[in-house]
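As structure tokens, the structure follows; a few thoughts come after it.
The values are calculated or read from the model by the stated rules, or taken from the named source; none is laboratory data. Everything numeric here is computed off the predicted structure, so don't read it as measured data. With ideal geometry, Cβ positions are generated from the backbone for all residues, glycine too; neighbour counts draw on all protein chains shown. For the accessible areas, the whole protein counts, side chains as well, though only heavy atoms, and no ligand, DNA or RNA atoms are used. Shrake-Rupley method; radii C 1.70, N 1.55, O 1.52, S 1.80 Å.
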Amino acid sequence: MLTILHQIPEGFTDCAPNDLNNILPGPALIHLDGKLKEPLLVSILLHGNEPTGLLAIQLFLKKMQGKPLPRSLSLFVGNVTAAQQGLRHLNHQPDYNRIWPCDQILSKDEAGDESQSNTPEHAMMKQIVEIMRNKKVFASVDVHNNTGLNPHYGCINKLDTRFFHLATLFSRTVVYFIRPKGVQSMAFADLCPAVTVECGKPDQPFGATHAADFINACLHLSEIPSHPIATHDMDLFHTVATVTVPDHISFSFIDTESDNDGKNESRLTDISFPTTLDHLNFTELTTGTTLGFLNSDKTKIPLLVTDEHGQDATNRYLNLEAGELRTTREFMPSMFTLDHEVIRQDCLGYLMERMDWK
Ligand SMILES: [Zn+2]
């Protein structure tokens with residue numbers, strides 16, 4: 001299902017994400033030669049509703065037009081069919097950033113059932129890793145957007161100074177995680193320094209220029225330094241848990257400023273979150289912070305918190321008090337979102353702790 005090209009197809013640099021399917025039949029790996037042979041891998045549109053990667057590559061290619069690249073570039077254009085519809089992925093497709101080969105799978109449980117890990121998409125990601133291994137991939141950059149209010153930051157899956165250098169070239173805010181599994185940056189972490197860059201919301205033009213500048217900077221690196229990074233150059237956080245809303249739990253968002261009487265229709269759902277939930281992202285929450293209001297059963301926590309080893313850790317982080325869902329310890333959320341589809345297809349957000357890396 002993968003198309004392999006050796007030049008940028010006609011019309012690509014001006015194409016809107018929802019028209020890409022007129023230019024590419026599906027996922028494509030495009031190899032462009034540069035002065036230094038070992039290629040930088042850039043992947044874009046693994047999520048079809050996250051256009052910043054495409055916009056960034058278009059900006060970069062326009063800037064480079066006519067000039068030789070300082071280093072070879074392999075560009076993976078991911079979910080072209082989902083991009084046509086502006087969706088993360090289509091219903092019959094797996095999530096393109098959860099299906100990369102991963103040696104670190106801890107238990108059979110986490111690996112999921114075999115039938116779900118043997119899709120053509122899984123095979124394609126494996127194929128790309130093998131192609132890039134043979135090409136001696138220099139570094140890997142996977143470009144994403146998110147839906148909540150978040151700073152721009154880089155994610156890494158290995159605590160290694162070369163990864164720190166690559167990630168801080170994008171932002172001083174760096175997040176280390178080992179879950180979810182099957183993400184692109186985790187698959188490449190065994191081959192080269194690899195980072196996922198989170199470029200804010202899809203409609204912010206600064207995300208594209210920032211990512212384009214970063215790609216440009218990566219292509220101009222002759223090597224990635226391995227000397228230690230200065231303490232003041234990086235804020236490192238560790239994603240310790242994922243928060244999900246189980247399928248049978250209904251949820252809504254309420255404006256807590258104007259709706260304290262509880263008579264709003266949204267209170268008919270099992271739980272209501274404040275519409276300011278995503279304002280908590282990347283802020284250190286004190287114990288007892290309210291995250292939601294229970295409307296039906298007030299005896300059971302309606303969310304699931306899963307730690308980085310796949311274990312239920314709900315009671316470690318959350319409790320119920322006076323009909324409210326509150327935090328039981330200090331942590332910092334990331335990617336808390338108000339987007340129903342993202343919450344249903346992926347998660348409500350992540351919990352992080354500040355990390356000492358020295
Ligand atoms: Zn994404």
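Figures for the structure shown
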read-out	value
Nitroxide proxy distance, nm - points 7 Å out along Cα→Cβ at HIS309 and LYS37	4.5
Relative contact order (%) - criterion: Cα under 8 Å, at least six apart; region: region 293-343	28
The chain: relative contact order in percent, alpha carbon pairs under 8 Å with at least 6 residues between	16
Anchor LYS126: lysines whose Cα lies under 28 Å away (excluding residues fewer than 8 positions away in-chain)	LYS35, LYS37, LYS108, LYS135, LYS136, LYS158, LYS181
Solvent accessible area, Å² - ILE249, 1.4 Å probe, full protein context	20
Residue with peak Gaussian network fluctuation, the chain [Cα springs, cutoff 10 Å], from PRO17, PRO70, PRO39	PRO70
Positive-end residue, the chain charge dipole about Cα centroid, Cβ charges, pick of HIS152, ASN49, PHE12	PHE12
Reach of LYS300 by Cα under 12 Å, taken over aspartates and glutamates that are not fewer than 8 positions away in the same chain	ASP270, GLU321, GLU324
Carbon plus sulfur fraction of accessible area for the chain, probe 1.4 Å, in percent	49
Amide H contacts under 5 Å for ALA194, placed H, 5+ residues apart	SER140
DSSP H segments from the chain that extend 20 Å or more along their own axis, Cα-based, with Kyte-Doolittle mean of -1.0 or above	120-134, 205-219
Relative contact order %, region 7-162, counting alpha carbon pairs below 8 Å whose residues are six or more apart	31
Among 200-206, 351-357, the order from most to least packed when residues are scored by Cβ within 10 Å on average	351-357, 200-206
Amide H partners (placed H, <5 Å) of THR256, local residues excluded	THR275, THR276
In Hz, Karplus ³J(HN,Hα) per residue of region 220-235 (6.51, -1.76, 1.60; θ = phi - 60°; x = Gly, Pro)	8, 6, 7, 7, 9, x, 10, 6, x, 8, 5, 3, 7, 8, 8, 9
Mean-position separation - Cα centroids, region 135-157 and region 208-257, in angstrom	7
Whole-Å distance, taken between Cα centres, linking region 281-300 and region 1-74	42
For the chain, Kirkwood radius (reciprocal of mean inverse C-alpha pair distance, Å)	21.2
Extension gain, SER117 back to HIS92 (0.36 nm per residue minus Cα-Cα distance, nm)	7.6 nm
In Hz, Karplus ³J(HN,Hα) per residue of region 239-250 (6.51, -1.76, 1.60; θ = phi - 60°; x = Gly, Pro)	6, 9, 7, 10, 10, 10, 9, x, 3, 7, 9, 8
Computed [θ] at 222 nm, deg cm²/dmol, the chain (DSSP H ≥ 4; -39,500 (n - 2.57); rounded to nearest 500)	-6000 deg cm²/dmol
Per-residue ³J(HN,Hα) for region 181-190, Karplus 6.51 cos²θ - 1.76 cosθ + 1.60, θ = phi - 60°, Hz, x for Gly and Pro	7, x, 8, 4, 5, 6, 5, 7, 4, 7
